[in-house]
Ligand SMILES: [Zn+2]
């Protein structure tokens, strides 16, 4: 038994595997990540299917290059848990003195991301709901997340085949921090909200998070697999017929209901993307007070087990941004 525990410890420090296909003509460099969260198996399954397609010639990367990292967080994947030591998709940056599993992986991932132009980060979620893509801010020179590839990123997001796109993550994270402060909770740094896509934008590229569906639904793998094909075609890495133009629903995350005390609960059986009419009950405080939807909009990430300081539910509105795939 001593040997196997030694093995597990050694594996926790084991390498990240990446598989790269180099086109022989010029083109953009795409990186595709799976299992940033270890219990999200659809990413590795979808990516490994695409790697197999490339190896047997069913897919031919002609231009640019694509790097696949089927399992970005091997420790969490082996445990089949969301996190190894902490959430890899938070506070992602390079650290001269890494302290935990995600610090060490983050150093390698950041170096990989810097070598690429575009990121597709493949995830899945716990509850029910339709697949969607998270994308970033409009072009801006602000302090929070300066960016200059908004058009290319939004059209990449819309090309992946989901019916719903969501943006506004870092803005809402700033609001979450402010709401926590009003409750007297420990202050979070804004950098805590930085994951793979935020790092990619910081590094000069662009990137999106694909949420394929429920963790263990085989259909999630198909969504991821199809999206990777579409990404390769959209960027011109492979030759493929132009996909039909789509006009996905675009939602701006604009509000949240924070859990103020133990016992605050969600009210209603919402799924991400569900329309909520103004005035409908969306949460119930521990003292029985009901929180009503402040405006017409959409449910995002309803949380059935919120802890004080976490969002019970995020709210979205129809985005003014026009996006076409
Ligand atoms: Zn995830």
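No lab work stands behind these numbers, since they all come straight from the coordinates. This is a predicted model, so every value here is computed, not measured. Here the Cβ is made from the backbone with ideal geometry for all residues, glycine too, and neighbour counts use every protein chain on show.
Here are some notes:
- Gaussian network model of the chain, springs between alpha carbon atoms under 10 Å - residue of 175, 114, 55 with greatest fluctuation: 55
- Segment 31-89 versus segment 150-194: alpha-carbon centroid distance in Å: 23
- Percent antiparallel among DSSP beta bridges (both partners in segment 5-153, rounded to 5): 30
- Nitroxide proxy distance, nm - points 7 Å out along Cα→Cβ at residue 265 and residue 111: 5.0
- Rel. contact order, % - alpha carbon contacts under 8 angstrom, at least six apart, segment 251-318: 44
- Helix 101-114 vs. the chain, principal-axis angle (Cα, 0 to 90°, nearest 10): 60
- With the helix formula -39500 (n - 2.57) applied to DSSP H stretches of n ≥ 4, the chain reaches a computed 222 nm mean residue ellipticity of -9000 deg cm²/dmol.
- If the chain linking residue 128 and residue 244 were pulled fully straight, counting 0.36 nm for each residue of separation and taking away their Cα-Cα distance, it would gain 39.1 nm.
- Relative to the longest principal axis of the Cα atoms of the chain, helix 42-56 runs at roughly 20 degrees.
- Contour excess over end-to-end distance, with Cα ends at residue 174 and residue 317 and 0.36 nm allotted per residue: 49.7 nm
- Distance from segment 98-136 to segment 245-317 (C-alpha centre basis), Å: 25
- Mean-square fluctuations from a GNM of the chain, with a 10 angstrom spring cutoff on Cα atoms, peak among 104, 148, 182 at 182.
- Bridge type composition, segment 15-246 - antiparallel percent by DSSP, nearest 5: 30
- Percent RCO, i.e. relative contact order, over the chain, from Cα pairs under 8 Å lying at least 6 residues apart: 18
- Fluctuation leader among 227, 275, 186 - the chain, Gaussian network, Cα springs under 10 angstrom: 186
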